[in-house]
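Read through the structure below, which is laid out as structure tokens, and then see the notes.
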Amino acid sequence: MPALTALAPAKINLFLHVGAVDADGYHPLSSLVAFADVGDRVSVEQADCLSLTVNGPFGAGLGATDDNLILRALRRLGDACDIGAPKLKVTLNKRLPIAAGLGGGSSDAGAALKLARDVLALDLDDHALEAVAGVVGADGPMCLRMRTAWAEGRGDVLTDEPRLAPLPAVLFNPGVPSPTGAVYRAYDAGPVRAADRPSPPHEWSIGAVIDWLSAQRNDLEAPALALTPAIGAALSAVAATDQVALTRMSGSGATVFGLYPSDDAAQSAARALSAAHPEGWVKATQLSVQQR
């Protein structure tokens, strides 16, 4: 069988409400998660042993270490199927920035698991794969699904949300990392809010959804800005683009996003941001594209 390839899409937290850390060290959260039509590319093919090669624009900053989330997920898959480490060659074309609040590693692992199932002709449904994906973290199952969902609990209680229409957006990363652990520790040291789930919007048009999102928040945004001032500059840069309707940080940063009334407006904003900030990473996209 030839190599199979899939998109590992960027994950965006349209809002992120975070509660106080529990006794096990986890934070309860509530979020509406959407996926972009941009991301990494993962290829999987049969081989004599399990291996991972990393290339692409951000590949040098990652490397094929033994604790890479792809390898961790595939080893767990082998354990679940009682086949040992799967004999697969995996190639990751790393197109998303690292430590960017985009769920890149978890999305890579999810894509690799689905491809491995197909290459090896394993008799596993998506529910079984979600259980395997949990080895990479609380967002493993959502990133394996790759479709719009409400995420609650530790991020692993998922409810699909098919009503969200594609949202024209721009993603902007200022070229600096924002380590998740440090952001959560800074959040714990300050005022902690509740992981409340808001009532859904009264309608699901682009305008109504953006108005509804404007009343929500990302509770990790303030601590991330305190640790990484470049995120604040990125938010200001996106907020200054023409026709932007909402600007927010995704996840624990450092990527921020802007929402726009049309794809043309998002494309125009992306061109302006790219010209003004050549050191950054800028992509126009649609959020909530349903991955299959």
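The values are calculated or read from the model by the stated rules, or taken from the named source; none is laboratory data. Computed from a prediction, not measured in an experiment: that's the story for all the values here. In this analysis, Cβ positions are derived from the backbone assuming ideal geometry, glycine residues included, and neighbour counts consider all displayed protein chains. In case anyone asks, the SASA skips ligands and DNA or RNA and just uses the protein heavy atoms, side chains included. Shrake-Rupley method; radii C 1.70, N 1.55, O 1.52, S 1.80 Å.
Within region 1-150, the proportion of Cα pairs with more than 28 Å between them is 17 percent.
Among all stretches of the chain without exposed GluC sites (Glu not before Pro) (DSSP loop, at most 16 other Cβ atoms within 10 Å), which one is longest?
Values: sites that count: Glu203, Glu279.
Segment 1-202 is the longest.
The mean sequence separation of alpha-carbon pairs under 8 Å and at least six residues apart, normalised by the residue count of region 1-61, gives a relative contact order of 40 percent.
Over the chain, what percent of the accessible surface lies on carbon and sulfur atoms, probe 1.4 Å? Before the final figure, lay out each step's value.
Details: 6210 of 12100 Å².
Taking all protein chains in place, the chain shows 51 percent carbon and sulfur surface.
Relative to the longest principal axis of the Cα atoms of the chain, the long axis of helix 229-239 lies at roughly 70 degrees. Projecting label points 7 angstrom from Cα along Cα→Cβ for Ala240 and Asp196 puts them 3.4 nm apart.
If you run the Gaussian network model on the chain, springs between alpha carbon atoms under 10 Å, then out of Ser43, Ser236, Ser178 the most flexible one is Ser236. When a/c is below 1.5 the answer is rounded, else prolate if a/b is larger than b/c, else oblate, so apply that to the chain with a ≥ b ≥ c taken from the square roots of the Cα gyration tensor eigenvalues. Prolate shape, in that a/c is at least 1.5 and a/b is the bigger ratio.
Can you give the accessible area per residue of region 76-212, in Å², using a 1.4 Å probe? Walk me through the intermediate numbers first.
Working: 5650 Å² over 137 residues.
On a per-residue basis, region 76-212 sits at 41 Å².
Students often get this wrong: which residues of region 141-181 have the backbone nitrogen under 20 Å from the point 7 angstrom along Cα-to-C-beta of Ile98? What the label zone holds, given the 20 Å backbone N cut-off, is 172-181. Taking amide H atoms as placed 1.01 Å from N in the peptide plane, the amide H of Gly153 lies under 5 Å from those of Leu29, each 5 or more residues away in sequence or on another chain.
Its relative contact order, with pairs defined as Cα atoms under 8 Å and 6+ residues apart, puts the chain at 24 percent.
Karplus-derived 3J(HN,Hα) values for region 69-76, using 6.51 cos²θ - 1.76 cosθ + 1.60 with θ = phi - 60°, are 4, 4, 5, 4, 5, 5, 5, 5 Hz; glycine and proline are entered as x.
A crude spin-label estimate for the pair Ser51 and Ala182, with each label 7 Å from Cα along the Cβ direction, gives 3.5 nm. Between amide H atoms placed 1.01 Å from N, distances below 5 Å from Asn218 occur with Leu16, all of them 5 or more places distant or on a separate chain. Near the amide H of Ala254, within less than 5 Å, lie the amide hydrogens of Ala100, Gly101, Ser178, all on another chain or at least 5 residues away, with H placed in the peptide plane. Here the Gaussian network model covers the chain, with springs between Cα atoms less than 10 Å apart; of Asn93, Asn13, Asn55, Asn55 fluctuates the most. Backbone phi angles across region 273-280, fed through the Karplus curve with coefficients 6.51, -1.76 and 1.60 (θ = phi - 60°), yield HN-Hα couplings of 5, 4, 5, 7, 9, x, 7, x Hz in residue order; Gly and Pro are listed as x.
Label reach from Ala215 (point 7 Å along Cα→C-beta): in region 12-33, amide nitrogens under 19 Å belong to 14-18, 30-33.
Rounded if a/c is under 1.5, else prolate if a/b beats b/c, else oblate: with a ≥ b ≥ c from the C-alpha gyration tensor eigenvalues square-rooted, which is region 144-270?
Working: a/c = 1.80, a/b = 1.10, b/c = 1.64.
It comes out oblate by the Cα gyration axes.
So if R0 is 41 Å, what FRET efficiency would Ala121 and Ala226 give, r being the distance between their Cβ atoms, rounded to the nearest 0.05? Can you show the working numbers first?
On the way: r = 50 Å, r/R0 = 1.21.
Calculated transfer efficiency: 0.25.
The modelled label-to-label distance between Val21 and Thr65, using points 7 Å beyond Cα along the C-beta direction, is 2.1 nm.
To one decimal place, what Kirkwood hydrodynamic radius in Å is obtained for region 89-214 from all pairs of distinct Cα atoms?
Details: mean 1/r = 0.0584 Å⁻¹.
With all distinct Cα pairs of region 89-214 included, I get 17.1 Å.
The 3J(HN,Hα) values that the Karplus relation (6.51, -1.76, 1.60; θ = phi - 60°) gives for region 87-101 are, in residue order, 7, 9, 9, 10, 10, 10, 9, 7, 9, 9, x, 8, 6, 10, x Hz. Gly and Pro appear as x. Which of the three applies to region 187-254, rounded, prolate or oblate, going by the alpha-carbon gyration tensor with a ≥ b ≥ c and a/c under 1.5 meaning rounded? It is oblate, given that a/c is not under 1.5 and a/b is not larger than b/c.
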